[in-house]
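As structure tokens, the structure follows; a few thoughts come after it.
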Amino acid sequence: MKLCKDKCFDSELFEGDQCGDISGSTFNGCKFVSVNLVEALARNCTFENCSFIGCDISRWSVSNASFQEVHFIDSRILGVDWSKVSPLVFSVEIKDSNASYSGFDGLSLNGCMFQSVNLTDCSFSKCDLSKVDFVGCDMSGVSFYRSIMKSTDLSSSVNVVLDHRQCILKDTKISVTDALSILQRQGIVV
């Protein structure tokens, strides 16, 4: 099946190199395998119950798109500005992927899952990260400025830097190593 714009797709399988403009399309129950969508336009798209496996969606343009129960597995998701998606419908799971340099600013990611994801230099500023699990992620250079982190689990991730003065923390879990590093940065000797 060939991807195109302004079309409805139900339970379709998309494979191989495809890129371009898919704006305005609706995808329900679709599977994307090894699809190249680098710098593709996906504005005003709807993705429901879809999975992306081994795809490259780096620098994807997703303005006003909605994502409900969407899974990204073993994919490249570099430099995507997720802050422009429809904030009312955003439920994703990202696993075994590289999402470095992406921005999730201002989104409610409540209940989302990031598992074994490289999140280097990502921004989660002004996000609701309540009940988000970051499992085995590399958090180097990640910004959490003014984010809500209630029952957020970062305990198995590495390179976590938090500042309790810049975000709301409650029942937030981090590793002992990262906790000691955070305390030392704030001038507390342990």
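The values are calculated or read from the model by the stated rules, or taken from the named source; none is laboratory data. These figures come from a predicted structure and were not determined experimentally. No Cβ is skipped: glycine too gets one built from the backbone with ideal geometry, and neighbour counts run over all protein chains shown.
Only one of Phe90, Phe134, Phe114 is in contact with a Phe, Trp or Tyr (Cβ under 6 Å, 6 or more places away or on another chain) and within 24 Å of Arg43 (Cβ to Cβ); which? Outline the logic, then answer.
On the way: Phe134 fails: within 24 Å of Arg43 (Cβ to Cβ); Phe114 fails: within 24 Å of Arg43 (Cβ to Cβ).
One residue alone meets the criteria, Phe90.
Would it be correct to say that Asp81 is under 22 Å from Met149 (Cα atoms) and either modelled with pLDDT of 95 or more or acidic (Asp, Glu) (or both)?
Values: under 22 Å from Met149 (Cα atoms): yes; either modelled with pLDDT of 95 or more or acidic (Asp, Glu) (or both): yes.
Taking the combined requirement at face value, the residue satisfies it.
Given the criterion more than 12 Å from the chain's Cα centre (by Cα) and at pLDDT 95 or above, identify the matching residue among Ala99, Ala65.
The conditions single out Ala65.
Name every residue in region 19-60 that is assigned to a strand (DSSP E or B), more than 16 Å from the chain's Cα centre (by Cα) and under 15 Å from Ser75 (Cα atoms), in order of residue number. Reasoning before the result, please.
Just the residues of region 19-60 that are assigned to a strand (DSSP E or B), to begin with: 21, 26-28, 31-33, 36, 41, 46-48, 51-53, 56.
Remaining after also requiring more than 16 Å from the chain's Cα centre (by Cα): 21, 26-28, 31-33, 36, 41, 46.
Within region 19-60, Lys31, Phe32, Val33, Asn36 meet the criteria.
For the subset of region 99-128 comprising residues that are of a type in the set (Ser, Thr, Tyr) and closer than 20 Å to Ser75 by Cβ, which member is surrounded by the fewest Cβ atoms within 10 Å (Cβ to Cβ)? Full working, then the answer.
In the first step, residues of region 99-128 are kept if they are of a type in the set (Ser, Thr, Tyr); the result is 100-102, 108, 116, 120, 123, 125.
Applying the additional criterion that residues be closer than 20 Å to Ser75 by Cβ yields 100-102, 116, 120, 123.
Numbers: Ser100: 20, Tyr101: 19, Ser102: 25, Ser116: 16, Thr120: 18, Ser123: 22.
Per the stated criteria, the residue is Ser116.
Val160 is checked against (1) part of a loop (DSSP other than H, G, I, E, B); (2) under 23 Å from His71 (Cα atoms); (3) touching an Asp or Glu at 6+ places or on another chain (Cβ under 7 Å); (4) not acidic (Asp, Glu) and fails just one. What number does that condition carry?
(2)
Considering each residue of region 68-78, count those that are farther than 18 Å from Gly24 by Cα and either part of a strand (DSSP E or B) or modelled with pLDDT under 95 (or both), and give that number. Working first, answer last.
Applying the first criterion (farther than 18 Å from Gly24 by Cα) to region 68-78 yields 69, 71-78.
Subset that is either part of a strand (DSSP E or B) or modelled with pLDDT under 95 (or both): 69, 71-73, 76.
Qualifying residue count for the region: 5.
Being touching an Asp or Glu at 6+ places or on another chain (Cβ under 9 Å) and outside any strand (DSSP E or B) narrows it down to one residue among Ser91, Ser83; which is it? Explain how you work it out, then say what you get.
On the way: Ser91 fails: outside any strand (DSSP E or B).
Result: Ser83 is the single residue among Ser91, Ser83 that is touching an Asp or Glu at 6+ places or on another chain (Cβ under 9 Å) and outside any strand (DSSP E or B).
Out of curiosity, is Asp96 of a type outside the set (A, V, I, L, M, F, W, C), surrounded by fewer than 17 Cβ atoms within 10 Å (Cβ to Cβ) and within 24 Å of Gly141 (Cβ to Cβ)?
Details: of a type outside the set (A, V, I, L, M, F, W, C): yes; surrounded by fewer than 17 Cβ atoms within 10 Å (Cβ to Cβ): yes; within 24 Å of Gly141 (Cβ to Cβ): yes.
It is true that Asp96 is of a type outside the set (A, V, I, L, M, F, W, C), surrounded by fewer than 17 Cβ atoms within 10 Å (Cβ to Cβ) and within 24 Å of Gly141 (Cβ to Cβ).
Any idea which of Gly106, Gly111, Gly141 is within 30 Å of Ser63 (Cβ to Cβ), in a loop (DSSP other than H, G, I, E, B), free of Cβ contacts under 8 Å to residues at least 60 places away in the same chain and in contact with a Pro (Cβ under 8 Å, 6 or more places away or on another chain)?
Values: Gly111 fails: in contact with a Pro (Cβ under 8 Å, 6 or more places away or on another chain); Gly141 fails: in contact with a Pro (Cβ under 8 Å, 6 or more places away or on another chain).
Going through Gly106, Gly111, Gly141 in turn, just one is within 30 Å of Ser63 (Cβ to Cβ), in a loop (DSSP other than H, G, I, E, B), free of Cβ contacts under 8 Å to residues at least 60 places away in the same chain and in contact with a Pro (Cβ under 8 Å, 6 or more places away or on another chain): Gly106.
Among the residues of region 9-46, which ones are of a type in the set (Asp, Glu) and either in contact with a Gly (Cβ under 9 Å, 6 or more places away or on another chain) or modelled with pLDDT of 95 or more (or both)?
Listed by number, the residues that qualify are Asp10, Glu12.
Under 6 Å between Cβ atoms, at least 6 apart or on separate chains: pull out the pairs that start in region 54-83 with a residue that is free of Cβ contacts under 8 Å to residues at least 12 places away in the same chain and end on any residue that is in a loop (DSSP other than H, G, I, E, B) and surrounded by 18 or more Cβ atoms within 10 Å (Cβ to Cβ).
Once the first residue is free of Cβ contacts under 8 Å to residues at least 12 places away in the same chain and sits in region 54-83, no partner that is in a loop (DSSP other than H, G, I, E, B) and surrounded by 18 or more Cβ atoms within 10 Å (Cβ to Cβ) comes close enough.
Would you check if Phe134 is of a type in the set (Phe, Trp, Tyr) and either under 25 Å from Gly24 (Cβ atoms) or within 10 Å of the chain's Cα centre (by Cα) (or both)? Break it down stepwise before answering.
Numbers: of a type in the set (Phe, Trp, Tyr): yes; either under 25 Å from Gly24 (Cβ atoms) or within 10 Å of the chain's Cα centre (by Cα) (or both): no.
In short, no.
I need the full set of residues from region 167-190 which are in contact (Cβ under 8 Å) with a residue 24 or more places away in the chain and either crowded, with 16+ Cβ neighbours inside 10 Å or of a type in the set (Ser, Thr, Tyr) (or both), in order please. Working first, answer last.
Going through region 167-190, the residues in contact (Cβ under 8 Å) with a residue 24 or more places away in the chain turn out to be 178, 185.
Correct list: Asp178 only.
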